[in-house]
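The values are calculated or read from the model by the stated rules, or taken from the named source; none is laboratory data. Just so you know, these numbers come straight off a predicted model, no measurement behind them. Positions of Cβ are backbone-derived with ideal geometry, glycine not excepted, and every protein chain shown enters the neighbour counts. When the accessible area is computed, the model is the full protein with side chains, heavy atoms only, and any ligands, DNA or RNA have been set aside. Shrake-Rupley method; radii C 1.70, N 1.55, O 1.52, S 1.80 Å.
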Amino acid sequence: MRRLFLATVMATAMISTTATAFSPQELRQRTLERRAVEAVIWGIPAVNYDLMLQEMLTKTKGKINQIVYWSRPLDWHNQTLTPNPDAIYLMTFTNTKDVGPVVIEVPPAQGGSINGNIVNIWQMPLEDAGPLGADQGKGGKYLILPPGYTEKIPDGYIPLKSDTYGGYALLRSNLASHSDADVAASVAYAKKLKVYPLSQAASPPETVFSDAKDVLFDSTIRYDTSFFTSLDRIIQAEPWLPRDRVMIDQLRTLGIQKGKPFEPDARTSKQLEAGIHEAQEWLEAKYDSELVPFYGKGRWNFPANPELVKAASASFDEPDAYPVDIRGLTYSYGYIGIKRLGTGQFYLISIKDKDGKDFDGGKTYRLNVPANVPVEQYWSLTAYDRETHALIRNMPRASRSSQIPELIKNADGSVDLFLGPKAPHGKDVNWIPTDPKRDFELMFRLYAPTKALFDKAWVLSDVERVRK
């Protein structure tokens, strides 16, 4: 009995000691840091959107419900996350709060074609556009509706119900090649796009296009306290979604509250800084170890976890699934949601070579692209900075693609592509330059992929280091 009594006293003392291990100030700090980590993971898709929007508003002449575009294929000045340097890029940031429903009018695929994706601020896909989208190449008037819109939809529109006022569309005008004539033709076709409020549909105003080709357009994720400024901007402008109401108190802890200014003091800013740095480390560890192999083995991975693709296609409305962690990871290295991933485009990501080692910009690598790539449009390989997930700065080019007629082919129809700080002798046309001071990563794009890709009848080789 005495032993039982002593054991009880000791246990009680231990519980008491544990309960008082932290002072009220320490508990506040730990809670704030912990909630900051979760806010970052949850909020990355919306912050990703806001960073691009702010770059347009502050560095270009572009405005909401207009179009910002790049009049030549992208180079490193475009520092968005894993963009495609083998198409003409256009973006329209829409907002229905003040003007009501907004129309994005896509022209028929005659003399050109668009691969387009329309999303809300959380980058949840609303619809795809173009030959492999809802209009099937016939052209279409995509009508973005404000949250809770109940009025009758006019005939002739493709209605898109959004639960946010803001959103954007990424519209890629396809290139036949990188020749000046083909680039000019692609730009001319792209300028047939129109954006206007439905209220002005009877006589639409001319769509304003703002060229960003020489702008350092940097929307890479900022892992500092400015992240929370972006997040606050979203919270102030957009309605709370029912599935996210659990975050109201979480964000209040950080000083983010609808209707109130976000003005963290020095102590809070310090804890926010600690939280976002921990979130960054967590995301980087997940990225390094948890990408899902496409072929079951090897080094090429799905662009997004299939669980996320399934949830996004269901508008994140599945009763027992809400993959916030996977979503946060995905939008830390890329942007745009695709409604029908694998129809208009598909991507493969590689962050390690055949031997399982990180890609080193100071070394030379070779990728053999087997013949008969299963695409109806084109394929490409692009190198990105491993740390920022953007195009490698100060490089003369970032990719090689099947749109380049002078690519050297092997006797069996395959193509050897090389990556490294210098081109192997006689291989300049097949070479993608890398920065010897930076690690890099790769994305292989397939536009209008065919069944052979998904049946795994065609297999992309792993990237091998060239040893002299």
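What about Ser210, is it open to solvent by less than 20 Å² (accessible area, probe 1.4 Å) and within 23 Å of Val99 (Cβ to Cβ)? Criteria met by Ser210. Which condition breaks for Ala311 when tested against (1) buried (at least 19 other Cβ atoms within 10 Å of the Cβ); (2) part of a strand (DSSP E or B)? It fails just one condition, (2).
When residues in segment 277-304 are screened for being within 25 Å of Arg34 (Cα to Cα), assigned to a loop (DSSP other than H, G, I, E, B) and either open to solvent by 40 Å² or more (accessible area, probe 1.4 Å) or in contact with a Ser or Thr (Cβ under 6 Å, 6 or more places away or on another chain) (or both), 1 of them pass. Just the residues that are of a type in the set (Gly, Ala, Ser), surrounded by 21 or more Cβ atoms within 10 Å (Cβ to Cβ) and farther than 20 Å from Asp317 by Cα, please, taken from segment 138-176. Of everything in segment 138-176, those that are of a type in the set (Gly, Ala, Ser), surrounded by 21 or more Cβ atoms within 10 Å (Cβ to Cβ) and farther than 20 Å from Asp317 by Cα turn out to be Gly140, Ala169, Ser173.
Every condition in (1) more than 22 Å from Asp317 (Cα to Cα); (2) among the polar types (S, T, N, Q); (3) in contact with a strand residue (DSSP E or B) (Cβ under 8 Å, 6 or more places away or on another chain) is met by Gln110 except one, and the failing one is (3).
Total residues in segment 375-431 satisfying the condition of being in contact with an Asp or Glu (Cβ under 6 Å, 6 or more places away or on another chain), under 24 Å from Ile221 (Cβ atoms) and hydrophobic (A, V, I, L, M, F, W, C): the figure is 1. If you go through segment 407-428 and keep only what is in a loop (DSSP other than H, G, I, E, B) and open to solvent by 40 Å² or more (accessible area, probe 1.4 Å), you end up with Ile408, Lys409, Asn410, Ala411, Asp412, Pro421, Lys422, His425, Gly426, Lys427.
Quick check, is Ser210 of a type in the set (Gly, Ala, Ser) and touching a strand residue (DSSP E or B) at 6+ places or on another chain (Cβ under 7 Å)? Judged against the criteria, Ser210 is a match. Candidates Gly356, Gly361: the one that is of a type outside the set (Asp, Glu), touching a residue at least 24 places away in the same chain (Cβ under 8 Å) and open to solvent by less than 10 Å² (accessible area, probe 1.4 Å) is Gly361.
Scanning segment 324-350 for residues that are modelled with pLDDT of 95 or more and surrounded by fewer than 19 Cβ atoms within 10 Å (Cβ to Cβ) gives a single hit, Asp325. One residue stands out in segment 408-444 among those that are out of contact with any strand residue (DSSP E or B) (no Cβ under 6 Å at 6 or more places or on another chain) and among the small types (Gly, Ala, Ser): the one that is farthest from Ser461 (Cα to Cα), namely Gly426. The residues listed here are Glu441, Glu406; of these, the one that is free of Cβ contacts under 8 Å to residues at least 60 places away in the same chain and among the acidic types (Asp, Glu) is Glu406.
The residues of segment 368-406 that are open to solvent by 20 Å² or more (accessible area, probe 1.4 Å) and more than 25 Å from the chain's Cα centre (by Cα), listed by number, are Asn368, Pro370, Ala371, Asn372, Pro405, Glu406.
Candidates Val103, Val40: the one that is of a type outside the set (S, T, N, Q), out of contact with any Gly (no Cβ under 8 Å at 6 or more places or on another chain) and open to solvent by less than 10 Å² (accessible area, probe 1.4 Å) is Val103. Take the residues in segment 56-66 that are among the polar types (S, T, N, Q) and farther than 19 Å from Thr96 by Cα, then tell me which one is surrounded by the fewest Cβ atoms within 10 Å (Cβ to Cβ). Here the residue is Thr58.
Within segment 269-281, is there a residue that is more than 30 Å from Gly356 (Cβ to Cβ), out of contact with any Asp or Glu (no Cβ under 7 Å at 6 or more places or on another chain) and touching a residue at least 12 places away in the same chain (Cβ under 8 Å)? Yes.
Regarding Asp244, is this residue open to solvent by less than 30 Å² (accessible area, probe 1.4 Å), touching a residue at least 12 places away in the same chain (Cβ under 8 Å) and within 21 Å of the chain's Cα centre (by Cα)? Yes. Scanning segment 433-460 for residues that are within 30 Å of Ser173 (Cβ to Cβ), among the aliphatic types (A, V, I, L, M) and either assigned to a loop (DSSP other than H, G, I, E, B) or touching a Lys or Arg at 6+ places or on another chain (Cβ under 6 Å) (or both) yields a count of 2. When we screen Lys437, Lys468 for residues that are surrounded by fewer than 12 Cβ atoms within 10 Å (Cβ to Cβ) and at pLDDT 95 or above, the only hit is Lys437. Taken over segment 316-333, the criterion of being of a type in the set (A, V, I, L, M) and in a helix (DSSP H, G or I) is satisfied by Val324, Ile326, Leu329.
The set of residues in segment 187-202 being under 10 Å from Val103 (Cα atoms), touching a residue at least 60 places away in the same chain (Cβ under 8 Å) and open to solvent by 10 Å² or more (accessible area, probe 1.4 Å) consists of Lys194, Pro197, Leu198, Ser199, Ala201.
This table checks each residue for (1) within 30 Å of Arg400 (Cβ to Cβ); (2) in contact with a His (Cβ under 9 Å, 6 or more places away or on another chain); (3) open to solvent by 60 Å² or more (accessible area, probe 1.4 Å).
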site: Pro24; (1), (2), (3): no, no, yes
site: Arg30; (1), (2), (3): no, no, yes
site: Arg35; (1), (2), (3): no, no, yes
site: Asn48; (1), (2), (3): yes, no, no
site: Gln54; (1), (2), (3): no, no, no
site: Val68; (1), (2), (3): yes, no, no
